[in-house]
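Presented below is the structure to which this report refers.
The values are calculated or read from the model by the stated rules, or taken from the named source; none is laboratory data. Given the structure is predicted, the values throughout are model-derived calculations rather than measurements. Cβ placement follows ideal geometry from the backbone for every residue including glycine, while neighbour counts extend to all protein chains displayed.
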């Protein structure tokens, strides 16, 4: 629904086709219908029947001059014939480590990089062989580009542990939705946050559809599609307060146990120069920031609430994120 709404926001006709197995819940009736969006649902008795329904849906959308979004059971991605019909096959991955583990094991042999390369067109221009590998989409992961990078790193670790090869991960993620946001989406409506998530996802899918066997989404093409220069193309951190607090609770537990932060936490953390502790109602940090997901480099900021800082003054954890600490402000040695 979020992706279909992104098409609608661009005034593009789109058909959302949902195919379910017996016993699966159907979508509720939409209260708000965008003129550009058509939603249809089909029930098939077995996975074997999905391919015929997909072929029919694609043909109908093509005849109507409409884009088509397919929502099919995840196990259908193992069907090479079905996947060969889809420009950008995507496996949705939830936010827990178990979801990531299951997604790694759900990848078929055709999803390994060696097989993907074998399916690419040869130097003689011969047609590609085999279906395009599946892309992974992280869901329930607010935080924009930084969350997408963390998801890609997590899936790479899972794949390495299972010898599944390098996974192909989309650079866009979908955030956890509040109850109100989820209700509006399922009714056919939108919020600013769901639209801000859907448009980057649509941009990424259009890029991979044009290069089905690429190992990753071209970052320059993605930045251009988002209408931003490559050097500053950063998705804003769109987590809600609840997401931030859940993340913070997990990180503080890890800091207390001595397991956090690990090198991966700090690798992409923004760096705070000329920093010092400051106060409002609680302790914060202030300084010039570099590498922040939504603030230009060099701008003076005050952070969200400061919850942890290491004894050597090399990193700090605020409510929102980690910061790597550079040089402190002149005459300031940091908190006691």
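So that you can scan it fast, the table gives a plain yes or no per residue for (1) outside the structural domain of residue 210 (by TED's automatic domain parsing); (2) modelled with pLDDT of 70 or more; (3) within 14 Å of residue 151 (Cα to Cα):
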| site | (1), (2), (3) |
| --- | --- |
| 91 | no, yes, yes |
| 99 | no, yes, yes |
| 106 | no, yes, no |
| 109 | no, no, no |
| 113 | no, no, no |
| 133 | no, yes, no |
| said: Suppose the filter is within 23 Å of residue 198 (Cβ to Cβ), modelled with pLDDT of 90 or more and part of a helix (DSSP H, G or I); does residue 59 pass it? | reply: no
| note | residue 148 meets each of (1) more than 18 Å from residue 215 (Cα to Cα); (2) touching a strand residue (DSSP E or B) at 6+ places or on another chain (Cβ under 8 Å); (3) modelled with pLDDT under 90 with one exception, condition (1)
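Could you please let me know if residue 35 is part of a loop (DSSP other than H, G, I, E, B), in the same structural domain as residue 76 (by TED's automatic domain parsing), without any contact (Cβ under 8 Å) to a residue 60 or more places away in the chain and more than 23 Å from residue 55 (Cα to Cα)?
Yes, satisfied.
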| said: I'd like to verify a number: residues in the stretch 252-265 that are at pLDDT below 90 and under 22 Å from residue 290 (Cβ atoms), how many? | reply: 4
| request: Test residue 214 against the stated conditions and say whether it is assigned to a helix (DSSP H, G or I), at pLDDT 85 or above and under 18 Å from the mean Cα position of the chain (by Cα). | output: no
| Qualifying residue in the stretch 289-296 (condition: on the phi > 0 side of the Ramachandran plot and loosely packed, with under 15 Cβ neighbours inside 10 Å) | no
| query | Which of the following residues is surrounded by 14 or more Cβ atoms within 10 Å (Cβ to Cβ) and modelled with pLDDT under 85: 122, 117, 143, 138? | reply | 143
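Of all the residues that make up the stretch 306-336, how many are touching a strand residue (DSSP E or B) at 6+ places or on another chain (Cβ under 7 Å) and at pLDDT below 90?
Number of matching residues: 5.
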| query | Which condition breaks for residue 275 when tested against (1) in contact (Cβ under 8 Å) with a residue 40 or more places away in the chain; (2) more than 25 Å from residue 154 (Cα to Cα); (3) surrounded by fewer than 16 Cβ atoms within 10 Å (Cβ to Cβ)? | reply | (3)
| task | Output the number of the condition that residue 47 fails; it satisfies all remaining conditions of (1) in contact (Cβ under 8 Å) with a residue 12 or more places away in the chain; (2) under 26 Å from residue 189 (Cβ atoms). | result | (2)
| message | List pairs: first residue in the stretch 309-330 and assigned by TED's automatic domain parsing to the domain that holds residue 283 and on the phi > 0 side of the Ramachandran plot, second residue modelled with pLDDT of 90 or more and assigned to a strand (DSSP E or B) anywhere in the structure, Cβ distance under 8 angstrom, at least six positions apart or on different chains. | response | 313/325; 313/328
